[in-house]
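Report on the following structure.
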Number of protein chains: 2
Amino acid sequence: MRTYLECIPCFFSQAIESGRLITGDEIVHKELIDDLAKLIPEFSLNSTPPEMAYHISKIVKARLGDRDLYKQIKEKSNKMALELYPRLKDKVEKSNDRLLMAVEIAIAGNVIDYGAKNSLDIDKEIKKLFQEGFYDEGRTIFDYEDFQKDLRDAKQVLYLGDNAGEIVFDRVLIEEFFKEKEVIYVVREKPIINDVVMKDAHDCGIDKIAKVISSGVESPGTILKYCSKDFIDIFNDAELIISKGQGNYEALSSARKGIYFLMRAKCPVIARHVGAAVGDIVLKKS
Amino acid sequence: MRTYLECIPCFFSQAIESGRLITGDEIVHKELIDDLAKLIPEFSLNSTPPEMAYHISKIVKARLGDRDLYKQIKEKSNKMALELYPRLKDKVEKSNDRLLMAVEIAIAGNVIDYGAKNSLDIDKEIKKLFQEGFYDEGRTIFDYEDFQKDLRDAKQVLYLGDNAGEIVFDRVLIEEFFKEKEVIYVVREKPIINDVVMKDAHDCGIDKIAKVISSGVESPGTILKYCSKDFIDIFNDAELIISKGQGNYEALSSARKGIYFLMRAKCPVIARHVGAAVGDIVLKKS
């Protein structure tokens, strides 16, 4: 997915948020904004939004050092999600359609996204999930029957992870098929926003049910031109790909067939692109 | 009020919206964004937001010519508001406190702001006003008793207009006191967004109940350093000033005593600055 005009105000909000995680000094925040502003005329709308997120991350690192800004937030998200884990499993156990419930849970995990939401929203969303389930959420694009069939037929699944915390929700879905299939779980190469890296996969037990690899990218989305050759080979050969979250959708929406995009449509630009309404849960086959 | 970091994404949204009013050509929209981006490093957070709005307007004019972008929108707003006028007057006639109702109506008119809202919202807001009134709206900052007293004592009122359409709502308030007081109604010097200019004052009958003057500014807020000397003299000597809308508040929040700011707090930055919640109706004495 290319960048739309409406993404540009959002880039500035991301830069402000990143700066605020490190310092309360507004002069520094303005410097980050100025750095980003200088980059805008060079940035083509034909690039994908995660590419700009990557540049923003580089701007922040150049001014404030190479640190894992969201480290504490990620640890907290993982901890919170692991505490929820038994209740998530219980929901699957008690459901009539285990796979559907696990898919819904994996999408629910996608509310844990500090790129698009704040922590208050996340608490609220998760409470809502347990109280009401997803029955009221729109699902304009929900290719569940295809997914069910393609997953049944696949011997191998490539699962592109998204955020910390959310990774525990991914685990619930993967546990529905890891015994019968080869599963590869993909994390980012280096910390970017609250996206999953190798440590999160280990902390949340993904390494027990899948082979965990890095895509080689440091952007919050699997931008193929920045991925390692090893990953590209695996990606091209993959039978079925589960891609989590908006960032991976932005990077891969027109990459190849056989990708199932699982996400919550959180912003109007993505919702329009995918053909859903803001707030919808999306299961889209490419 | 100075510019806050959160205003910067909003500046870009304004530039996009202005561009879209003239052309559907996204290449041009991106050029406007690039022009604005180049300006950001030069722009101090100590400036007021309407100053940037003025610069955005200059950028748009430089690329696309000096035209009254919101001409049709303004004419439509005035027409719609004039159609509502008899019902607004009826509301005042039937109320227990005529002045309070007229103040509420004048603030209600402030929803007609294309800088901050779209037309769909405006229709909805106006319907809501007629169905329910303002009884549910927050009014954390509502210095009505002071206003009532100061207005009673004042021989002269300087009224700083804001938007087309809204000007008819202003008329309803001014009609409550124009017979006993000298009223001066202030418009912008040149078209900017949907702000009132001399034509709107004539089209909406303000010239029958007030002396209409221009502040000399072309920004969507009465930025004193850009005002004409004649206006500054009138402003400094004014007994009581009624200032409508966010733009005038941003420009004048710390300008002098004796200003009553009437507005709907539409954005989080202004709401925080004024000490209200987003959506509150505000009547604040400086």
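Miscellaneous remarks
- Sorted shortest first, the separations between the A:Lys79 label point and its copies elsewhere in the assembly read 6.2 nm; each point sits 7 Å from Cα along the Cα-to-Cβ line.
- Between helix B:98-109 and chain B there is an angle of about 10 degrees, using the helix long axis and the longest principal axis of the Cα atoms.
- Within-12-Å neighbourhood charge of A:Pro49 [Cβ basis; K, R +1; D, E -1]: -2
- Contact order, relative form, for chain B: 21 percent (alpha carbon pairs under 8 Å, 6 or more residues apart, mean separation divided by residue count).
- Selection from B:Ser95, B:Phe142, B:Ser219 lying farthest towards where the dipole of the range B:71-285 points positive, charges on Cβ: B:Ser219
- Centroid-to-centroid, using Cα positions, the range B:161-183 and the range A:162-180 are 62 Å apart.
- Peptide B:36-47 is shielded by partner chain Cβ atoms: per residue, an average of 4 of them sit within 10 Å of its Cβ.
- Within chain A, longest stretch free of exposed trypsin sites (Lys or Arg not before Pro) [DSSP loop, at most 12 other beta carbons within 10 Å]: A:180-255
- Approximate spin-label separation A:Lys208-B:Glu83, in nm, with each point projected 7 Å along Cα-to-Cβ: 6.6 nm
- In chain A, Rg over Rh equals 0.95, where Rg is the alpha-carbon radius of gyration and Rh the Kirkwood radius from pairwise Cα distances.
- Simple point charges give the picture: +1 on the Cβ of Lys and Arg, -1 on the Cβ of Asp and Glu, and for the range A:1-49 a dipole about the Cα centre of about 180 debye.
- Ascending count of other beta-carbon atoms within 10 Å, so fewest first, for A:Asp150, A:Asp25, A:Asp237: A:Asp237, A:Asp25, A:Asp150
- From phi via Karplus (6.51, -1.76, 1.60), per-residue ³J(HN,Hα) for the range A:182-187 in Hz, x at Gly/Pro: 7, 10, 10, 9, 10, 10
- Compactness of the range A:7-64, taken as the C-alpha radius of gyration over 2.2 N^0.38 Å, stands at 1.04.
- Counting only DSSP H runs of at least 4 residues, each contributing -39500 (n - 2.57), and dividing by the residue count of chain A, the helix-based mean residue ellipticity at 222 nm comes to -15500 deg cm²/dmol.
- In the assembly of identical copies, B:Lys155 has its label point, taken 7 Å from Cα in the direction of the beta carbon, separated from the corresponding points by 9.8 nm (ascending, one decimal).
- Alpha carbon centroid spacing (whole Å) that separates the range A:245-286 from the range B:70-113: 43 Å
- Label 7 Å beyond Cα on the Cβ vector: A:Arg67 copy-to-copy distances, nm: 5.1
- One quarter of the convex hull surface built on the alpha carbon atoms of the range A:234-284 amounts to 3.2 nm², the projected area averaged over directions.
- Cβ neighbours within 10 Å from other chains - mean over B:24-35: 3
- Candidate aspartates and glutamates - alpha carbon under 17 Å from B:Lys284, same-chain residues fewer than 8 apart omitted: B:Glu104, B:Glu137, B:Asp143, B:Glu145, B:Asp146, B:Asp150, B:Asp162, B:Asp170, B:Glu239, B:Glu250
- Averaged over the residues of B:13-21, the number of partner chain Cβ atoms lying within 10 Å of the residue Cβ comes to 2.
- Enclosing the Cα atoms of the protein assembly as shown in their convex hull gives a volume equal to 157 cubic angstrom per residue.
Each value in this text was obtained by applying a stated rule to the coordinates, not by laboratory testing. Because the structure is a prediction, the values reported are computed rather than measured. Backbone-built Cβ (ideal geometry, glycine too); neighbour counts: all protein chains shown.
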